[in-house]
Amino acid sequence: MDQEAPGGVFPLVIVGLGQMGSAMAKGIVGAYPRAKGLIFGHDQDPLRVAEAEAFGLEGTKKLEEVLSRARTILLALKPLQVLPWLRLYRETFGKDVMLISIAAGVPIKAFREVLEEKAHVARVMPNLAVALRTCPVGVSCEPGFPEEKKVSLIEALSLVGMPIELEEGQLDALTALSSSGIAFVWHALEGFAAAGVRLGLPPALSRKVAVETFLGAGMLAKEDEAASLASLKERVTTPKGTTMEGLFVLERLGLKGILIEAITSAYNRTQAMLSPQKGV
Ligand SMILES: NC(=O)c1ccc[n+]([C@@H]2O[C@H](COP(=O)([O-])OP(=O)(O)OC[C@H]3O[C@@H](n4cnc5c(N)ncnc54)[C@H](OP(=O)(O)O)[C@@H]3O)[C@@H](O)[C@H]2O)c1
């Protein structure tokens, strides 16, 4: 059965079923209904495992045994938890397993030091919308990662999002812009929704209008990828008009600069992640 599974990444074990592990699990189970029985989930909290079983994952009663059969191990633990976990379980890994980490700020070389010759390591950076199978997914494979495994990995990720191959050094930018960025978008949405309420709309309606506006704006920008973002704005801006007035205030108060600073701060934090002085 393994041989016929789609994508060549199965059996797959997801280690850590918190926010991101369970989002990945939902996306993958949704994308691969045929792989039922080949996607395992492990967490130290049995409640999280039970929740994951409810949407189609297999629990890991015998973790070592499942790890030894896995073609892919997806590590979704907190950054400071991944290396200690690997030290405990690396001896159980089968030959040629793909070890995929979504941990922010933990470099491939740190995995390589712990794993020595074992496993092929790649880092992947999704955001929470992976549960809905709609998000950018940064991918960086270590040098020497087997080509056919990379093809399988990218093929699998393309069903849960938009894989983007990056140099490892660029992954932290994606972490800040997208993985953290989704929260910055929600922050902006809060502002839109509050403005609607201030102007007299009921809160639930205002929220709905704000969300649909963001969705539509994103979809239009996606559809017309060749157009600059500035030219998209020009389409809805007339001299002395209402949009111009609002844009002027955003420019005067420096919204763009604020966003650049916020995302740069998130980036700096990611880079400090494993430092004992500055890290988490
Ligand atoms: N959240 C995001 O939006 C996002 C986006 C991109 C990447 N990431 C990366 O994804 C990783 C996970 O983040 P998260 O937000 O999903 O964290 P999380 O919600 O804390 O999930 C981690 C899960 O792993 C469990 N766990 C801890 N130690 C374990 C062990 N030894 N064995 C089995 N399970 C264990 C935790 O249980 P306890 O709660 O009991 O500790 C928790 O359920 C992080 O490295 C982060 O950098 C997150």
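Read-outs throughout are calculated quantities, based only on the coordinates presented, and are distinct from any laboratory measurement. The structure displayed is predicted, hence computed values, not measured ones. All Cβ positions, even for glycine, are placed from backbone atoms using ideal geometry, and neighbour counts span all protein chains on display.
Under 20 Å from the Cα of residue 26, which aspartates and glutamates turn up, not counting those fewer than eight places away in the same chain?
Cα-Cα hits under 20 Å: 43, 45, 51, 53, 58, 155.
Taking θ = phi - 60°, what integer Hz values does the Karplus form 6.51 cos²θ - 1.76 cosθ + 1.60 yield along segment 94-99, in sequence order, with x for Gly and Pro?
So the J values, rounded to whole Hz, are x, 5, 6, 5, 8, 10.
Reachable lysines from residue 222, Cα under 16 Å, same-chain residues fewer than 8 places away excluded?
233
Taking the Cβ of residue 77 as the center, what net charge do the other residues with Cβ under 13 Å away carry, scoring Lys and Arg +1 and Asp and Glu -1? Mind dumping the intermediate values first?
Working: positive: 48, 78, 87; negative: 43, 45.
So the surrounding residues net to +1.
Report, largest value first, the span of the C-alpha coordinates of the chain along each principal axis, in whole Å.
Largest first, the chain extends 68, 40, 36 Å along its Cα principal axes.
For segment 1-101, which chymotrypsin sites (Phe, Trp or Tyr not before Pro) pass both filters: DSSP loop (anything but H, G, I, E, B) and at most 14 other C-beta atoms within 10 Å? Don't jump to the answer; show the numbers that get you there.
On the way: sites: 40, 55, 85, 89, 93; in loops: 55, 93.
Answer in residue order: 55.
Can you pull out the GluC sites (Glu not before Pro) in segment 102-137 whose DSSP state is coil and whose Cβ has at most 14 other Cβ atoms within 10 Å? Present the calculation step by step, with values, prior to reporting the outcome.
Details: sites: 113, 116, 117; in loops: 116, 117.
Those satisfying the criteria are 116, 117.
Taking Rh as the Kirkwood radius computed over C-alpha pairs, what is the Stokes-Einstein D of segment 1-93 at 4 °C in a medium of viscosity 1.567 mPa s, expressed in µm² per second? Don't skip to the end; give the middle numbers.
Details: Rh = 13.1 Å.
Roughly 99 µm²/s, to the nearest whole number.
Once you've got the Cα coordinates, tell me which of 78/256; 95/149; 36/61 are over 19 Å apart. All intermediate terms of the calculation are to be shown ahead of the outcome.
Working: 78/256 31 Å; 95/149 13 Å; 36/61 17 Å.
Pairs exceeding the cut-off: 78/256.
Which semi-axes, in whole Å and largest first, does the equivalent ellipsoid of segment 97-155 have when worked out from the alpha carbon gyration tensor as the square roots of 5 times its eigenvalues?
Details: eigenvalues 91, 41, 13 Å².
Three semi-axes, in Å: 21, 14, 8.
Return the Rg/Rh value of segment 181-271, two decimal places, where both radii are evaluated on C-alpha atoms and Rh is the Kirkwood radius. Provide the component values of the computation, followed by the final result.
Numbers: Rg = 14.9 Å, Rh = 15.0 Å.
My calculation puts Rg/Rh at 0.99.
Which value in Å does the Kirkwood hydrodynamic radius of segment 2-167 take, with 1/r averaged over all unlike C-alpha pairs and then inverted?
On the way: mean 1/r = 0.0648 Å⁻¹.
Averaging 1/r across every pair of different Cα atoms and inverting gives 15.4 Å.
If Lys and Arg each add +1 and Asp and Glu each add -1, what is the summed charge of the other residues whose beta carbon sits under 15 Å from the beta carbon of residue 142? Walk me through the intermediate numbers first.
Details: positive: 109, 112, 118, 123, 149, 150; negative: 96, 113, 116, 117, 147, 165, 167, 168.
With Lys, Arg at +1 and Asp, Glu at -1, the net is -2.
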